[in-house]
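No value in this document is a laboratory result; all are computed from the given coordinates. Remember, predicted model here, so these are calculated numbers, not experimental data. For neighbour counting, all protein chains shown are included, and Cβ atoms are generated from backbone atoms with ideal geometry for every residue, glycine included.
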Amino acid sequence: MDSATSDRAALSATADNGLKIVVVGGFGVGKTTMVRSVSEIRPLNTEETMTRAGEAVDHLDGVQAKTSTTVAFDFGRITLDARSVLYLFGAPGQERFWFLWDRLFSGTLGAVVLVDTRRLADSWYAIDRLEHHGTPFIVACNDFGGPLHSEQQIREALDLSDDVPLVECDARDRSSSKYVLITLVEHLHKLSAARSPRAALASARPTPEPAP
């Protein structure tokens with residue numbers, strides 16, 4: 001571990017403001033890969049080897065080459081400053097583990113819905129659950145080299161409103177994954193300002209000088 005990473009870890013140990021973000025999506029869309037690529041610590045993974053018994057319950061269309069799968073969640077961390085830490089949770093994608101999602105959503109500021117454009121229907125459940133919980137989210141299309149779709153086509157397929165950010169990414173690339181998280185944070189900030197216009201206006205006003 002280099003000195004920069006050690007410094008971040010030391011700062012994070014004393015941080016008192018933990019911010020939680022969840023990465024959700026269908027089976028095999030790259031959630032574990034994204035958490036692993038962007039986390040400053042060695043991420044906690046609950047991956048297990050896929051077996052023949054699982055073939056009867058897991059839908060492997062489009063991911064036949066996949067050999068392991070998340071059975072609980074992935075966990076990573078990013079230090080924002082001396083007092084704030086971002087905690088990343090990657091949700092399992094198989095339908096048989098969806099019962100874990102509601103607990104993972106508890107206390108979440110927002111979510112990234114990671115999608116494979118070759119299998120857009122696999123992301124419908126994730127979007128439905130987030131909307132049910134009222135959890136703000138953005139959609140990130142992971143690059144699997146599939147057929148190209150226009151932004152409008154993707155929005156129509158996922159029934160996304162115009163105010164939900166839609167970005168492209170490569171979950172294997174740290175800078176690309178960081179861009180996705182930055183987009184989500186900016187979206188959350190925009191929503192917060194829209195909900196509290198008076199507070200946003202007050203914070204923008206200069207603080208009056210104390211009377212002499």
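Fully extending the segment from SER161 to LYS190 would add 8.9 nm, taking 0.36 nm per residue of separation and subtracting the current Cα-Cα distance. Semi-axes of the equivalent ellipsoid of the stretch 116-164 are 20, 12, 9 Å, computed as sqrt(5λ) over the eigenvalues of the C-alpha gyration tensor in descending order.
Rounded, prolate or oblate: which one fits the stretch 103-190, using the alpha carbon gyration tensor with axes a ≥ b ≥ c (rounded when a/c is under 1.5, else prolate when a/b beats b/c, else oblate)?
Values: a/c = 1.60, a/b = 1.22, b/c = 1.31.
Cα axes put the stretch 103-190 in the oblate bin.
Dipole size of the stretch 113-178 about its Cα centre, with +1 on Lys/Arg Cβ and -1 on Asp/Glu Cβ: approximately 280 debye, rounded to the nearest 20.
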